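Here's the structure, in structure tokens; my notes come after.
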Amino acid sequence: MTSASPPTQGSIPVRPVTVVRATGPGGAQPPQKLPTAGMIRTLGLVSAICGVIIVAAYQSTYDAVAANKRIATERAVFKVIPAASSIAEYLALPSGEVALKVGAGETAASAGIRFFAAYDAHGQLAGVAAEGAAKGYADTVRIMFGYSPACQCVVGIGVVAMRETPGIGDKIITDREFLANFNALDVKLNAELSALANEVKAVKHGAKTQAWQIDAIAGATITSRAVGKAINDAAQALLPRLVPRLDALQQRSKS
Amino acid sequence: MTQPLIEIRSAPHVKAAKSVETIMRHVVYSLLPICAFYIFQYGISALASILVVTAACLLTERTLISTGTQAGRLSDFSAVITGLLLALTLPPGFPLWMGAVAGIVAIALGKALFGGIGFNVFNPALVGRAFVQAAFPTAIASYTPSFLAGRFTEFIPSSLALPLMMPATAADWLKAKNLDALAGATPLAKWKFDGVMANADELLTSLSGNMAVGPAPALILLCGAYLALRRFMDWRIPVAILGSAALTAWVLFAIDATRYPNPFFMLFSGGLILGAVYMATDMATSPVTPKGMWVYGALIGLLTVVIRYYSGLPEGVMYAILIANAASPLIEKVTQPTPFGRGAGIGRKRASYPLNPGYISREEASAVTPKKRFLHRKPKK
Amino acid sequence: MNATVDIWDEFTEGIWRQNPVFVMVLGLCPMLAVTVSAVNALTMGLATLFVLVCSSGLVSMMRKLVPKEVRIATYIVIIATFVTVVDYIIQAVSLALYEALGAFIQLIVVNCIILGRAEAHASKNPPIPAMINAVGMSIGFVIGLFALGSVREILGAGTLFGVSLFGSNFQPWVIMVLPPGGFFVLGGWLLFFSWWARRKQRTQAGRTGEGTQHA
């Protein structure tokens, strides 16, 4: 071990380093004293300052952020139900109840399906809006669709979030021919009110024959299908709970 | 001028008078009949497309050579090949300005960036096509039927789109010609999205009218055979590609004949033949070892069929070749032939590259690796 | 006199000589990801400016207090604080913008320009020069982001700040708003700047060469 042959010489300067490394993090031991108290003081001070800054920023922007979020939701709902002038957020619970959602709490969100009841200027129910999502070409396509109880059909869609290929998949927002599908897309329930009478489905471009079919965009079939599936899944889940309770929603509840 | 009696130099000892320029010139010759037939199929639009794309390639090459960023000469014909091949892979009614963009990108990004001829990693024509496919996905998918009446006097309207402007859709133009819009879909797109399969003889010769196909596969095979016979191209790569594509397609066809089309359709639709004969065989981007060529070709064939079946795209030749291009240095490395004399006796040892002291930096050279020291000491203890 | 020169030097360092995007090639991740449009690029740049200036100021003020063992932890806490503040502010200003920038606002925390400045500059200089240097650096970053974002928006959508430049018939280059477009445009700008720098060098060398000949 001690016989210093040429190859081992190279390792000699390494050894003291390893010694320091072994005892260094162990604590405030020699060879050097770590300023533990200083470290704690500094970190505490920095954390305190930063905490104050963050709380101040949160408090001062809270109202604006909440207002922004509300406006964004309202705008999305108004887009799919043009007659609407105010909205109320509801939860459709598994028991069949429809509960007005109060505050920003997410407690009941686990089982209930969120939807928005939109009222016109006279406080009459103009329609119901809900979100649906399905896997598109690149990522999940999240859409908002408007349901009109009068005709039992979907009267408009808007995109909440998507990452589809620009110029192809994102035509679902702009393609007028495609959007015409949602002027009156049939989502009638069956006689028992347990599911849709006809499954909403996107069909090949130019092959739409029924009121519950969606004429896909040529070249963007996958995204079109995702829109169809999103509407279908959401409507299948929501409408059987919602339709029997529609009477309760007719008037805007004063709360 | 005194001729030396003995010339001493290192390998390779090339005997034939085959320069880069000769090879490239012959490839261009063999491409000319294909281009001629393509123009016969699609008329004046195809001619304009070929001319504009090739001119864009040549101009870019010239500019980049004169600025000294790229090796090579304009007269070595390689840019002409890139231009012709690129034009043949684009739809005939592809807007001319987009064709020019494709040509510029092909040379600048596919070739000059790596240092010019012989240094490129990817096939330049396919780099250009991949760029425009990603940039203009709608335009590159809109084919028009071949052998339309009046094709020699009238441009396909999308060809003449103004620079940066959207091309006119072919649907109205076709309607005016009493053809339905589906006639503009390629056989592969028809199969993929509509489940319609084209007939074999139609595919092979591309002679039947009103079908949106690329250049004729039979003619390409013929021209490729000329190149292979003259030894301007290695026959192994196309054979490996077509063989592996046919085998994969055949296995799938045997598993479920209703879901998958027959191998013949796989081989002769789309750009597989053109890709196998002219694109994959690009010398700079394919392996040089014979075994490597088989591996490389098999990879392309397999990937093509897989992409065609299981992806959102109807055609997969381009990406298959680009992926195999990227893999070809690796393929070359693992398929090194055994040097003569180092054969069976010692076991199959590949040519290895011992660590040259010159590669080691000074600190590293003086450092002692733990492993070495460990081995050095152990016998002593 | 000398002090003003120094201050000016601190300020211009980040804008040109040590431009974080084109010279140091730092902070590429947010740069390639958010520069789909000029507005996104500018917002990202301004958010980074705020974080960089504030954190440089605070780091510089506390530079004598911080033991070197915990300096990185301290810097990160400070930076993360200001990133959180920016996060709230952007949410309050525009939710659409917030969604467009996505996770990249939060990821400013790990932007190496900011930690790099804190470590290399702010921790060694008094607050005023540190903040001036930070402003210069951020302006350099904003310029870089804007150069990328404007080209990508013009080619990818035919608009600049949402204003249509070529009319409704423009053919968008889809690739430009996809991730590869970011690399292409960045490569193009780097090529342009290195070509320019080399040309400038050559003309300068030519001029001095002439000078020695005459002398």
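The values are calculated or read from the model by the stated rules, or taken from the named source; none is laboratory data. For clarity, every value in this text was computed on a predicted model and none was experimentally measured. Reconstructed Cβ throughout: ideal geometry from the backbone, glycine too, with neighbour counts over all protein chains shown. The protein model used for the area step is the full one, side chains on, heavy atoms only, and it has no ligands, DNA or RNA in it. Shrake-Rupley method; radii C 1.70, N 1.55, O 1.52, S 1.80 Å.
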Mind checking which residues of segment C:140-184 are more than 9 Å from chain B (Cβ to nearest Cβ) and among the β-branched types (Val, Ile, Thr)?
-> C:Val142, C:Ile143, C:Val151, C:Ile154, C:Thr159, C:Val163, C:Val177
Could you check, for segment C:133-149, whether at least one of its residues is outside any helix (DSSP H, G or I) and either surrounded by fewer than 18 Cβ atoms within 10 Å (Cβ to Cβ) or in contact with a Pro (Cβ under 8 Å, 6 or more places away or on another chain) (or both)?
-> no
Among residues of segment A:176-219 being under 25 Å from A:Lys79 (Cβ atoms) and basic (Lys, Arg), the residue most open to solvent (accessible area, probe 1.4 Å) is A:Arg176
Among residues belonging to segment A:133-165 that are away from chain C (no Cβ under 14 Å) and surrounded by fewer than 17 Cβ atoms within 10 Å (Cβ to Cβ), point out the one that is nearest to A:Ala76 (Cα to Cα).
-> A:Thr140
Considering each residue of segment C:75-97, count those that are aliphatic (A, V, I, L, M), crowded, with 23+ Cβ neighbours inside 10 Å and facing chain A (nearest Cβ under 8 Å), and give that number.
-> 1
Somewhere in segment B:274-290, is a residue of a type outside the set (Asp, Glu) and over 26 Å from B:Ala106 (Cα atoms)?
-> yes
Do we find that C:Val66 is within 10 Å of chain A (Cβ to nearest Cβ), assigned to a loop (DSSP other than H, G, I, E, B), touching a helix residue (DSSP H, G or I) at 6+ places or on another chain (Cβ under 7 Å) and over 23 Å from A:Ile54 (Cα atoms) in this structure?
-> no
Residues A:Ala57, A:Ala108, A:Ala67, A:Ala72: which one is assigned to a helix (DSSP H, G or I), closer than 28 Å to A:Val155 by Cβ, at pLDDT 85 or above and of a type outside the set (Asp, Glu)?
-> A:Ala67
Note: among A:Ile168, A:Ile222, just one is in contact (Cβ under 8 Å) with a residue 40 or more places away in the chain, more than 27 Å from A:Thr73 (Cβ to Cβ) and open to solvent by 60 Å² or more (accessible area, probe 1.4 Å), namely A:Ile222
Tell me, which residue of segment A:75-105 that is part of a strand (DSSP E or B) and modelled with pLDDT under 75 is most open to solvent (accessible area, probe 1.4 Å)?
-> A:Leu100
Can you find even one residue in segment C:103-110 that is more than 14 Å from every other protein chain (Cβ to nearest Cβ) and touching a Ser or Thr at 6+ places or on another chain (Cβ under 9 Å)?
-> yes
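Any idea how many residues of segment A:64-96 are away from chain C (no Cβ under 14 Å) and among the β-branched types (Val, Ile, Thr)? So that I can check it myself, show each step before the final result.
Step one: of segment A:64-96, the residues away from chain C (no Cβ under 14 Å) are A:77-78, A:80-96.
Now narrow it down to the ones that are among the β-branched types (Val, Ile, Thr): A:77, A:80-81, A:87.
The qualifying residues number 4.
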Could you please let me know if B:Thr153 is of a type outside the set (A, V, I, L, M, F, W, C), more than 14 Å from chain C (Cβ to nearest Cβ), under 26 Å from the mean Cα position of the chain (by Cα) and farther than 14 Å from B:Leu96 by Cβ?
-> no
In the set B:Leu179, B:Leu267, B:Leu274, B:Leu203, the lone residue that is outside any loop (DSSP other than H, G, I, E, B), at pLDDT below 75 and crowded, with 17+ Cβ neighbours inside 10 Å is B:Leu203
Of (1) more than 8 Å from every other protein chain (Cβ to nearest Cβ); (2) at pLDDT below 80, A:Ala37 satisfies all except one. Which?
-> (2)
Is it the case that C:Ala100 is touching a residue at least 24 places away in the same chain (Cβ under 8 Å), more than 10 Å from chain A (Cβ to nearest Cβ), in contact with a helix residue (DSSP H, G or I) (Cβ under 7 Å, 6 or more places away or on another chain) and among the aliphatic types (A, V, I, L, M)?
-> yes
Consider A:Thr165 carefully, then state whether it is over 30 Å from A:Asp120 (Cα atoms) and touching a Pro at 6+ places or on another chain (Cβ under 9 Å).
-> yes
